[in-house]
Amino acid sequence: VRKDTGQSLVCYNCQTCVGACPVKLVEGVPYPMTMVLETRLGNYPRVAELARYCVGCGRCAGKCPAGISAPRLAAAAVSHTKNRR
């Protein structure tokens, strides 16, 4: 688990973030939950790809019972992938 991505480990897969997100569906998958789950798996390049759809509103974090912030995870994944180049 990379710095600032550990909160993805406590995701309940409840999809509350999907209901709160104005985007809801990206490339046929529920958003931002898929981004959170890909973070949990350590698939940071995929998270960085999905991050471009995040509008940064923070509604997911406000509704998530675990307090997970998809914008924060997206920023950490993008930072990680940029640092690996």
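Per DSSP H run of at least 4 residues, take -39500 (n - 2.57); add these up for the chain, divide by its residues and hand me the 222 nm value, nearest 500 deg cm²/dmol.
Values: 5 runs with 41 residues, N = 85.
Calculated mean residue ellipticity at 222 nm is -13000 deg cm²/dmol.
If you stretched the chain out fully between residue 10 and residue 23, how much longer would it get, using 0.36 nm times the residue separation minus the C-alpha to C-alpha distance?
Values: separation 13, 0.36 × 13 = 4.68 nm, distance 2.23 nm.
This chain segment gains 2.5 nm when fully extended.
Can you list the cysteines of the chain that have no other Cys Cβ under 4.7 Å away?
So far as the 4.7 Å Cβ criterion goes, 11, 14, 21, 54, 57, 64 stand without a partner in the chain.
For segment 26-41, just list the computed ³J(HN,Hα) in residue order, Karplus coefficients 6.51, -1.76 and 1.60, θ = phi - 60°, integers in Hz, with x standing in for Gly and Pro.
9, 6, x, 10, x, 10, x, 4, 4, 5, 5, 5, 5, 5, 4, 7
Can you run phi through the Karplus equation (6.51, -1.76, 1.60; θ = phi - 60°) for segment 55-68 and list ³J(HN,Hα) in whole Hz, with x for Gly and Pro?
Per-residue couplings from phi come out as 8, x, 6, x, 4, 4, 5, x, 9, 5, x, 9, x, 6 Hz.
Mind checking the per residue accessible area of the chain for me, 1.4 Å probe, whole number of Å²?
Working: 4800 Å² over 85 residues.
In whole numbers, the chain has 57 Å² accessible per residue.
Can you pull the one-decimal nm distance between simple spin-label points at residue 43 and residue 83, each 7 Å off the Cα toward Cβ?
2.2
Express the relative contact order of the chain as a whole percentage, based on alpha carbon pairs under 8 Å and six or more residues apart in sequence.
On the way: 115 pairs, mean separation 29.6, N = 85.
Computed over the chain, the figure is 35 percent.
Amide H neighbours of residue 26 under 5 Å, at least 5 residues apart or on other chains, H built in the peptide plane: list them.
Amide H neighbours of residue 26, under 5 Å, 5+ apart: 31.
Counting only protein heavy atoms and using a 1.4 Å probe, what share of the accessible area of the chain belongs to carbon plus sulfur, as a whole percent? Write out the running numbers ahead of the final one.
Details: 2410 of 4800 Å².
Carbon and sulfur: 50 percent of the exposed surface of the chain.
The values are calculated or read from the model by the stated rules, or taken from the named source; none is laboratory data. Here the structure is a predicted model, which is why all the values come from computation and not from measurement. Ideal geometry is used to build each Cβ from the backbone, glycine not excepted, and the neighbour counts take in all protein chains shown. Surface accessibility is based on the protein's heavy atoms, side chains included, excluding ligands, DNA and RNA. Shrake-Rupley method; radii C 1.70, N 1.55, O 1.52, S 1.80 Å.
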